[in-house]
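Heads up: the structure comes next, in C-alpha cells.
The values are calculated or read from the model by the stated rules, or taken from the named source; none is laboratory data. Everything quoted here is computed from the prediction, not taken from an experiment. Methodologically, a virtual Cβ is constructed for each residue, glycine included, from the backbone with ideal geometry; neighbour enumeration extends over all protein chains shown. Calculation scope for accessible area: heavy atoms of the full protein, side chains included, ligands and nucleic acids excluded. Shrake-Rupley method; radii C 1.70, N 1.55, O 1.52, S 1.80 Å.
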Amino acid sequence: RQRALLWAVLLAAWEAAWGQLRYSVPEEMPKGSFVGDVAKDLGLQLPDVSDGGIRIVSKGRTQYFALQEKAGHLVTARRIDREQLCERVQQCVLHCELVLEGEMKFYGIEVEIRDINDNAPSFREEKIELRMSETTIPGARFPLARAHDPDSGRNSLQSYELSGDEHFSLAVQAGPGGDQRPELVLAKALDREEAAFHELVLRASDGGDPALTATARIRVTVVDANDNAPVFSQSEYTVRVPEDVPVGATLVSLTASDADEGLNGHVKYSYQTVSVKASDLFQLDADTGEITLMHNLDFEEGNSYELEVQVRDGGDLSDVVKVVITVTDVNDNAPEISVRSALSEISEDAPTGTVVALLHVEDRDSGANGEVRCSLDGDVPFQLRTSQSSYYSVVTARELDREQVSEYNVTVWAADGGSPPLQSSAVLALRVLDVNDNAPVFAQERYSARLAENNLAGALVLTVLATDADWGQNARVRYRLSEGRVRGAPLSSYVSVQAETGALYALRSLDYEEVRELWLWVLAEDGGAPALSSNVSVRLLIVDENDNAPQV
C-alpha cells in the first residue's frame, strides 16, 4: 500500500510538471470528499494565488468538483454515480480545469471514477413464461432473457445458475462483445401427459465481494407440436438516423415469417435485451415489428444503440435478431464562449501583446459541426491568439491612447463549421486608464496686454489659459511665474499669477516714466508624477498718462 501511494504521488508530480493532474476516486462518495491536493501537486503558494482568484471549472453543464481554497484540496461537489455518467464505458474519466485568474494560467485535471458494487443484477421480467412442444428434441436450446448489471469489471454480471428440474440444463454462450447469453437446454424429452408444467429458477450473480444476485422464475408449459420457428428476414438490422428526426417517426420495420398456420404461425415481437435508456427512446410494436421514436434524440448524449428483438410464434418457437441504431450529428449546438479570466481596466502605456482576457470556446457537436473559428468584431487594437485545449487569449495588438478612445467593448465571435454555421458572441468591457503623457498646451502662442500707468494695486491685467488632454489629476493645471527682475527688484513684486485660474494681476501702481514694458514667462504644470509643463511669454505695455506738468 505504501509503494502504491508513493507511485501515485510521483505520478501526480510528473503530471503536474506537464500541466496535467490525474486522480482517482470511487463513485458514490459524499459531497466534499477529498480527491487530491492540487496546491501541493502543482507547487502553488496558496495565500499568494488565492488573492488573484483561483477556481475549478468543469467541462459540461454540471460541476462535479470544487476547490477548498484554504487547503488547496480538490473535493467532490456532489455525489457521483458512475453508471449514470459512463454507461457502457469501461474507464470513466471526468475532466476539469484549475484556472488561476491573476496569472492567466490553467491546469487540466482528469479524475477517474472507480466502480463500486452498488448495483445488483436485475432481470427485465422476474417471471418468464415458455411454451415447448412435447416433440422438442433433447439438446434444443432456448434463449433466455439476460440479466443487466450497470456496474463494470468484476462488479458486473459474472455467472448464471439454473435449478429446479432434471429435464433442463443451462448453457451460457459468449456474445460478440464478450457478454454472457444464457440458454435453456432441453436435457430430457418432454411428456405432456406426465407433466404439463415445469418450474425453474434462473439465478444471476455479479463478481462483487459480497456478490449480489437476482432471480427469475421460469415456467415451461408443454404444448402440442409446432415444427416451424419464425425467422427474421435479415440476420441483423442496421439503420442510421439524424438526431433531429421527429418524435413518432418509424426508424425501422422488422419482418419475420413463420411457415406454420393458425396460432402457430402468428408472431409477436418483443425486446430480448435492451438498456433502460434505449427502452425509453424506442417503442417496439408487438404486432407489426415497427420501431418508432418516443423522445428526441441527442447525438451528444448517445450516438449508437444496440437492441435485441425476439419474435415468437403461437407455439412459443422464437428467433432473435440484433438491431443497431446509429445517430448521426446535426449542427444543433452553437459554440459556447466562456470567459475564464478578464481585465476590466488597462493602462494606456501597456506594452503590445498584453493579455486582457482568457477565453474557452467549445462546441458540443462533432466533425465539421464542432470545429470553431473565432474572430474580433470591428477595428479594435486587439487580436486573438490560439492556445491549447480550445483556449484563446485576447491581447493588445498596438499601443493604446486614452485621449482617442477611453473605453472599449470588444465583441468576440465564435462560429462553427456547420452549414449554415451557428455562432455566438461575448462582449468584453475594458476601460483605458490614463498615463501622464500630455503636457499642458496654452491657448495662444504668446500673450500681450496694455495697462495704463498709475493703475490700482491688484488690478487684473489678463488671463492665460492652458489645457491638458490627460484625465483626472494628470489633467489638473496650475500656473506660476518664472523668476525674473525688473529695475533690480524681483518680478514677483510687480505682478503675480493666480495658480488655479491663470489670472495675471499688477501688485503695484506702475509709472510709465520708470517702466515702459514688462516681459515675463508664465509656466503651466500638470498634476502628474512626474509632472509635465510648458510656458508662454507675456508682454505688458505701460500706457502713458498726462500726469506730469512741464518744468522750466
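Observations
- Interchain or long-range residues, amide H under 5 Å from MET132's placed H: THR221, VAL222, VAL223
- Compactness of the range 69-173 as Cα Rg over 2.2 N^0.38 Å, two decimals: 1.83
- Here's the list of lysines a cross-link from LYS277 could span, going by alpha-carbon distance under 20 Å and ignoring same-chain residues fewer than 8 apart: LYS322.
- Summed residue charge, Cβ within 11 Å of VAL231's Cβ, Lys/Arg positive, Asp/Glu negative: -3
- Length-normalised contact order of the range 18-114 in % [C-alpha pairs under 8 Å, at least 6 apart]: 39
- Across the chain: Cys residues that no other cysteine approaches within a C-beta distance under 4.7 Å: CYS96, CYS374
- Rounded percent of accessible protein surface that carbon and sulfur make up, the range 336-433, 1.4 Å probe: 42
- Debye log10 I(q)/I(0) for the chain, one point scatterer per Cα, at q = 0.12 Å⁻¹: -1.18
- Ranked packing of 340-350, 81-91, most packed first, by mean Cβ within 10 Å: 340-350, 81-91
- Across the cross-link table entries LYS31/LYS70; LYS31/LYS59; LYS31/LYS127, which are compared at the Cα atoms, the separations over 29 Å belong to LYS31/LYS127.
- Using bins of 5 Å that start at zero, the share of Cα-Cα pairs per bin across the range 336-433 amounts to 3, 13, 25, 23, 15, 10, 6, 4, 1, 0, in whole %.
- Computed over protein heavy atoms with a 1.4 Å probe, the accessible surface of the chain works out to 54 Å² per residue.
- Mean ellipticity per residue at 222 nm, deg cm²/dmol - from DSSP H runs of n ≥ 4 across the chain, formula -39500 (n - 2.57): -2000 deg cm²/dmol
- Amide H to amide H, with H built 1.01 Å from N, ILE54 comes under 5 Å of GLU101, counting only residues 5 or more places away or on other chains.
- In the range 336-433, Cα pairs under 8 Å separated by at least six residues give a relative contact order of 34 percent.
- Charge tally for GLY265 (other residues, Cβ to Cβ under 10 Å; Lys, Arg +1; Asp, Glu -1): -4.
- Ranking VAL241, PHE34, SER424 by how far each Cα lies toward the positive end of the dipole of the chain (charges on Cβ) leaves PHE34 at the top.
- Taking all protein chains as shown and a probe of 1.4 angstrom, LYS188 keeps an accessible surface of around 100 Å².
- Enclosed volume per residue, in Å³, of the convex hull spanned by Cα atoms of the range 257-308: 85
- Computed over the range 231-328, Kirkwood Rh from alpha-carbon pairs, angstrom: 13.9
- Neighbourhood charge, 9 Å Cβ-Cβ cut-off, centred on LEU94 and excluding it, Lys, Arg +1 and Asp, Glu -1: -1
- Relative contact order (percent, whole number), the range 127-223, Cα cutoff 8 Å, 6+ residue spacing: 39
- Between the Cα long axis of helix 2-17 and the first principal axis of the chain there is an angle of about 50°, rounded to the nearest 10.
- When the range 127-223 is reduced to its Cα atoms, the Kirkwood hydrodynamic radius in Å: 14.2
- Taking GluC sites (Glu not before Pro) across the range 381-468, the ones in a DSSP loop with at most 12 further Cβ atoms lying within 10 angstrom of their Cβ are GLU399, GLU445.
- Note on the range 414-552: Cα convex hull, mean projected area over all directions, 13.7 nm².
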